[in-house]
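Report on one structure; see the data block that follows.
The values are calculated or read from the model by the stated rules, or taken from the named source; none is laboratory data. Remember, it's a predicted structure, so these values are computed and weren't measured experimentally. No Cβ is skipped: glycine too gets one built from the backbone with ideal geometry, and neighbour counts run over all protein chains shown.
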Amino acid sequence: MNIIRLLPEQLANQIAAGEVIERPASVVKELVENSIDAQATRITVEIQAGGRSLIRVIDDGIGMSRDDALLCLERHATSKIKSADDLNRILTMGFRGEALPSIASVSRFILVTRERNEESIDATKIIVDGGKLINVTSAGAAPGTMVEVRNLFFNLPARRKFMRSPETERAHIQHYLGLVAVAYPEIGLTYIQENKCYWHLPPVTKGKETRPDLDAVYERIKKTQGINEHILPVDYQAKVQAQGTPPWLVSIKGWIGSPGVSRATREDMHIFVNRRPVENRGISYAIIEGYHTALMKGRFPVGWLFIEIDPRAVDVNIHPSKREVKFHAEFEVRNIVTQAIRNAISKQTSVLIVTKDHQESQQEKPTTTPCINHMESCLPTQQLLPVQTADSLNFHQTQDQVQPVQSEKTIQAPSEYQQKPLSSPEQKNENDSRINEKSIFQVDLNFLAVLGNLYVLFESDHGLVLMDQHAAHERVLFEKMLSCLDQNAVPSQRLLLPETIELSPKDAFFLSEYLEVFNKLGIGISKFGDRTYIIDSVPFFFKKQSARSFLLDVIDTIKASGPQINKLRLGENEIAKAVCKNAVKAHDPLKKEEILVLLDELKKCKMPFTCPHGRPTLVEISFRELGRKFGRIV
Ligand SMILES: Nc1ncnc2c1ncn2[C@@H]1O[C@H](COP(=O)(O)OP(=O)(O)O)[C@@H](O)[C@H]1O
Ligand SMILES: [Mg+2]
């Protein structure tokens, strides 16, 4: 008995909708992607009840003829690819020809479209109800396309039940539109939510840009993403050559949080590949790797990073809603991303200025909203330090197949890019007026006092500067250590009495693996018996009483770092930890002279603004901020 049959088209569409249309935000995404592909210069999105009752997307794109308008509702109907070969070089957002029929099969759907380049003023209006064609008529309309989606999932009660509250669905839509706003600054975007205009964003640049423009992207970030912290520009290019492929140029552009700006989750790091927002673990790791010691362990960076690469070098056809992509030369692209981040960070010029603890504000973040949390107002000031180049930084990384295309000099961001404090539009003037202020290290810092044997207070000509003496000391020692390591000799001090240490079999094996690294770090340790080691010298800064407990602590930290870290990186990481443990204790009283020497040494550091674990070393509270706190300035 034959039991296999072809599914009716409507049912097939509903099944496809199950994959592509997860929630109202997916409808917004598909429709807006179509508008972008149709070369729209303006897009208006309107929603009601979080998109559950209405989603309307209007564009001024190329529009469709009547025949095309009818055809676009058929499954697998697309104007974007013709052959299998085209699949290997996709430049459009869409290509699957699935979105419109899927959406129309699970909603009350109206399409009105008029060709932009035709003389006829006639538009086509098509009404579809739950996948059933109801009516095709002529209508009057402006050139472009309007799609209206009402009562999403009205004919699939099970799916309708799965939709969340209007607030949650709204948050997802806002999140997606925020990404579009940043990725396509040249497109004017209006977003109307529950009858209120939420964003009215005029086009930032004219014409169709092929690559993201840093200034325009910054403008859009400022307008749409409530972030009140410093961000740094990323602008880097390199060629990648994977086995059996032609060399491809990769460009990495965007804006990332300064060292010290971080989040508890990876949600606020946005990656775009050829302007498509994507999720990619490998690239996320590469970004974290790029921050090196400028990011606290367990914290995640913030940013908007655009990877531009030949479309033949990426596969976008690996996920039904195109959320993921695969690079043909993944390892090499990751390396370039890491390098791009390092390059950007090495040019950081100002100190982190906060008025509220980052972690606190992070915890307040509701889990349902993917939007960036607005931080309490802080006063970002622009303080310029001499710019450092990436090669002055001590990153140990092999760059076998990655060749930077431009020299550091040529790709260095112009001075207005050095670092930008972001703020809501109302704060604009206040921030702009501070942009020319001097570097925190270029002005005199007058020592005032030490608070709690930890925070050193200085006065500068624009406010109060606080230094965490422990964090500062860690940074200074860490960089000294790295530079000694570079010359292959970390000075060590001999112990008067060598100590023998007996370890557990597990620890003994572990230590035997890292003996070489330990010796390089100035820890004179050698094997004495099966599980016994002898330690006869310690690093130059060592201050503890017992070399034995020092060594055990170091072993513990190494073990805690996990086996996935490679030896070189582990070595560096541990230097940071070991330095930290042996740096001046947080509450060790320091004399004024010692503090001034410490400040002086910090100034000379390559990355003076964070400790090796990514915590800030300096924080400034400006007179303006104080004035605000005391109600003198409103
Ligand atoms: N806003 C629009 N303006 C002009 N043409 C559109 C628009 N939306 C859809 N189309 C046309 O309809 C086709 C089908 O759209 P869709 O189902 O989203 O599939 P895809 O985008 O994958 O091609 C597109 O290829 C395009 O030719
Ligand atoms: Mg599409």
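Restricting region 57-104 to residues that are small (Gly, Ala, Ser) and assigned to a helix (DSSP H, G or I), which is nearest to ligand 2 (Cβ to nearest atom)? Result: Ala99.
For region 62-77, a residue qualifies if it is surrounded by 14 or more Cβ atoms within 10 Å (Cβ to Cβ) and either within 17 Å of Asn117 (Cβ to Cβ) or more than 9 Å from ligand 1 (Cβ to nearest atom) (or both), and the qualifying residues are Ile62, Gly63, Met64, Ser65, Arg66, Asp68, Ala69, Leu70.
Pairs linking a residue in region 94-113 that is of a type in the set (S, T, N, Q) and at pLDDT 95 or above to a residue that is near ligand 1 (Cβ under 9 Å from one of its atoms) and part of a strand (DSSP E or B), with Cβ atoms under 6 Å and 6 or more positions apart or on different chains, are Thr113/Thr145.
Filtering Asp37, Asp59 for residues that are near ligand 1 (Cβ under 9 Å from one of its atoms) and buried (at least 23 other Cβ atoms within 10 Å of the Cβ) leaves a single hit, Asp59.
Condition first: part of a helix (DSSP H, G or I), at pLDDT below 70, surrounded by 13 or more Cβ atoms within 10 Å (Cβ to Cβ) and not aliphatic (A, V, I, L, M). Now tell me which residues in region 527-561 satisfy that. Once the filter is applied, which keeps residues that are part of a helix (DSSP H, G or I), at pLDDT below 70, surrounded by 13 or more Cβ atoms within 10 Å (Cβ to Cβ) and not aliphatic (A, V, I, L, M), region 527-561 yields only Thr557. Contact map, region 27-38: residues that are over 12 Å from Arg275 (Cβ atoms) paired with residues that are within 7 Å of ligand 2 (Cβ to nearest atom) and part of a helix (DSSP H, G or I), Cβ distance under 6 Å, separation 6+ or inter-chain. Pairs shown: Glu30/Ala99. When the residues of region 24-56 are narrowed to those that are within 14 Å of ligand 2 (Cβ to nearest atom), in a helix (DSSP H, G or I) and not aliphatic (A, V, I, L, M), which ends up farthest from Ile121 (Cα to Cα)? Step by step, filter region 24-56, then rank; the result is Ser26. Cβ-Cβ distances below 9 Å connect the following pairs, each with a first residue in region 330-343 that is over 24 Å from Lys606 (Cβ atoms), a second residue that is in a helix (DSSP H, G or I), and a separation of six or more residues or different chains: Glu330/Gly282; Glu330/Ile283; Phe331/Gly282; Val333/Gly282; Val333/Ile283; Val333/Ala286; Val333/Ala313. The residues listed here are Arg96, Arg108, Arg159; of these, the one that is within 16 Å of ligand 1 (Cβ to nearest atom), in the same structural domain as Lys80 (by TED's automatic domain parsing) and not hydroxyl-bearing (Ser, Thr, Tyr) is Arg96.
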